[in-house]
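Here is the structure we will look at.
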Amino acid sequence: MKQKDKFTTTRKAVYRQLRYHITFFSALLTGLVLLAACIVSFRAAQREIQDAALNLFLSQCQTVNAYLATPGSVDTQGLLQFVEQNDLTVAVVDGGTLLKFTPTLSDDTWNSLLSELQKGDVWQKLNSSKAESEALGLTALNENWRVSLQNHFTSTTQWFNVLVLQPVATDSRTTLRLVVQYSLIFFASWSILIAIAGLLSRRMVQPVEEAQNEQLRFLASASHELKTPLAVISTSVDLLLHGTSGPEDPCRTIQHEARQMARLIDDMLVLTNGGTGRWRLSTESIAPEDVSMSVYEKFAPVFARKKQKLNLEIPDTSLPFIWADEQRLEQILSILLDNAQSYAPSGSSVLLRVDQQNGKVRFWVIDHGNGIPDSEKQTIFGYFYRSNPNSISQNSDSVTRHYGLGLSVAAELTRLHQGTLTVQDTPGGGASFCLMLPSVHNRSRNQ
């Protein structure tokens, strides 16, 4: 028992570790993508701020040029106030004379800036009557500057140029606000994505865990079911070896149990191969009436020996053909009839009926036994399911052992035929199984 608990604990730890790994790699991948998106968005926001600042500077330059448009009536006081408020430096060359408006710069700073300007072509353009209006950038005094050069002609011989400079101030508060904003967005989004990744990893691993648990339960149940016939065979062999019984009865018992084991193994192969997709049906166009008649003729004597009656109901009009594996279809119907024969009381009748509805053919197996409780109508198709032994007809063959795989096999074969198998109550008591398969015409249309 301790070893089993240890094995279960180990399996849970493996699945838990698998969920952690899936969550980690998902979080890492989504985090990198989210980080890249935040960086791109942050850079874009910075560029928008810079573009807005440049547009504001150009608008301020237009205002400065408006102040200087008429040299004879320049509002010097208003210009100086505007320049000071917006941290601008204005240099005007009028007929070769340099005028400066630098309320925010000291003389030393202006002289150093002027020295830097004289080293480049900006100074030459400022003193040229052929200068073209332009906006550019400049690096001086270990600082970046926005520069706007505007040429004005007051007459054919008179001109003046206006140079407006503004230091590119790095607004640390705006940058810090952007960094904090995008950091909060990143970590909040990443936390949500990690939580979603954890939830999805649990959902991803859960079907695998359930499938393995189902497989382990299947193996455990199969092992348990195989122990019984093996024990009977072993006992019969002991009787033969010790000579305590005649050879006829032990050999008959061994043969019967071997057939039971073969049937159990065949059912297990159907379930395992059908679930893995390795099972292949030999399908062909089949008349439902022929299959029903074949199964009826095979089971009618069986029901008669059990003092029961099997009835067959086929419509007068022809039914549409179905695309099915005839042998496997007969196996499905045989399973349903065998269950009906086992659980129907002595003297009762079982009906095998065939009809059609909405382009589909329906095979009904209707008995009048104890029925199936609503709580068990879904579980009866599970592996190794067996109902209450008290519900089995006392008239059924006592040596026939039901392993609880019949309906599972029938459901799996029905799935391979792309059909449905359901159960409902029979009016007056009992169970009615309905096998519904698409007709040839309806199947081709759906495909």
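The values are calculated or read from the model by the stated rules, or taken from the named source; none is laboratory data. Just so we're clear, the structure is a prediction, and the values are computed from it rather than from any experiment. Glycine gets a Cβ as well: all are built from the backbone with ideal geometry, and neighbour counts include every protein chain shown.
Details
- Taking residues in segment 24-37 that are free of Cβ contacts under 8 Å to residues at least 24 places away in the same chain, and partners anywhere that are in a helix (DSSP H, G or I), not one pair has Cβ atoms closer than 6 Å while being at least 6 places apart or on different chains.
- Listed by position, the helices (runs of 4 or more DSSP H) enclosed by segment 70-165 that each have at least 3 residues that are modelled with pLDDT of 80 or more and out of contact with any Leu (no Cβ under 9 Å at 6 or more places or on another chain) are 76-85, 107-119.
Here is a yes/no grid of residues against (1) over 23 Å from Thr63 (Cα atoms); (2) in contact with a Pro (Cβ under 7 Å, 6 or more places away or on another chain); (3) free of Cβ contacts under 8 Å to residues at least 12 places away in the same chain; (4) of a type in the set (Val, Ile, Thr):
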| residue | (1), (2), (3), (4) |
| --- | --- |
| Asp94 | no, yes, no, no |
| Thr109 | yes, no, no, yes |
| Ser112 | yes, no, no, no |
| Glu116 | yes, no, no, no |
| Trp159 | no, no, no, no |
| Gln181 | yes, no, yes, no |
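- Qualifying residue in segment 345-363 (condition: under 18 Å from Gly406 (Cα atoms) and either surrounded by fewer than 18 Cβ atoms within 10 Å (Cβ to Cβ) or of a type in the set (Ser, Thr, Tyr) (or both)): no
- Consider segment 291-335 and keep the residues that are of a type in the set (Val, Ile, Thr) and either in contact with a Cys (Cβ under 8 Å, 6 or more places away or on another chain) or closer than 27 Å to Arg280 by Cα (or both). The one that is surrounded by the fewest Cβ atoms within 10 Å (Cβ to Cβ) is Val291.
- Residues that are closer than 14 Å to Gln331 by Cα, modelled with pLDDT of 85 or more, in the same structural domain as Ile322 (by TED's automatic domain parsing) and buried (at least 18 other Cβ atoms within 10 Å of the Cβ) do not occur anywhere in segment 396-409.
- Gln356 being in the same structural domain as Ala410 (by TED's automatic domain parsing), closer than 16 Å to Leu413 by Cα and not aliphatic (A, V, I, L, M): no
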